[in-house]
1. Do we have Ser45 as part of a loop (DSSP other than H, G, I, E, B) and at negative phi here?
2. Quick one: in region 64-75, of everything that is surrounded by 10 or more Cβ atoms within 10 Å (Cβ to Cβ) and closer than 17 Å to Arg39 by Cα, which residue is modelled with the highest pLDDT?
3. Quick one: Gly32 ticks every box in (1) touching a strand residue (DSSP E or B) at 6+ places or on another chain (Cβ under 6 Å); (2) under 21 Å from Gly15 (Cα atoms); (3) modelled with pLDDT under 90 bar one, so which box is it?
4. If I filter region 5-21 down to residues being over 17 Å from Ile64 (Cα atoms) and either among the polar types (S, T, N, Q) or in a strand (DSSP E or B) (or both), which single residue comes out as farthest from the chain's Cα centre (by Cα)?
5. Report every pair of residues separated by at least 6 positions or lying on different chains whose Cβ atoms are under 9 Å apart, first residue within region 46-67 and among the charged types (D, E, K, R), second part of a loop (DSSP other than H, G, I, E, B).
6. Taking Ser51 and the conditions (1) crowded, with 16+ Cβ neighbours inside 10 Å; (2) among the small types (Gly, Ala, Ser); (3) at pLDDT 90 or above, which numbered condition does it fall short on, given that it satisfies the others?
Amino acid sequence: MSTQPLVVGVGASAGGLGITLTLLAAIGNAPGMAIIFVRHLEPSSTSLLASILANSTPMKVVEIVDGERLIPGTV
């Protein structure tokens with residue numbers, strides 16, 4: 001029997017990066033959580049969110065691809 005991760009979803013506009021980083025730093029290392037950050041951006045914008053978040057947490061940070069499984073301890 002597999003254990004499902006606790007999924008935490010956080011959404012913010014493009015101006016919410018500061019509070020997003022503060023929240024991630026406060027969470028620290030959360031091995032039982034899969035944390036999803038979603039930002040509202042212009043359709044033509046390229047997101048650097050994954051690389052920015054990777055510098056703010058000890059957890060592994062990946063971009064979600066369609067159909068990908070959520071992994072505990074990952075942002």
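1. So Ser45 passes the test.
2. Across region 64-75, the extreme among qualifying residues is Val75.
3. (2)
4. Looking at the filtered set, the residue picked out is Ser13.
5. Pairs found: Lys60/Ile71; Lys60/Gly73; Lys60/Val75; Glu63/Ser47.
6. Looking at each condition in turn, Ser51 falls short on (1).
The values are calculated or read from the model by the stated rules, or taken from the named source; none is laboratory data. Keep in mind that what you see is a predicted model, and the values were worked out from it rather than measured. All Cβ positions, even for glycine, are placed from backbone atoms using ideal geometry, and neighbour counts span all protein chains on display.
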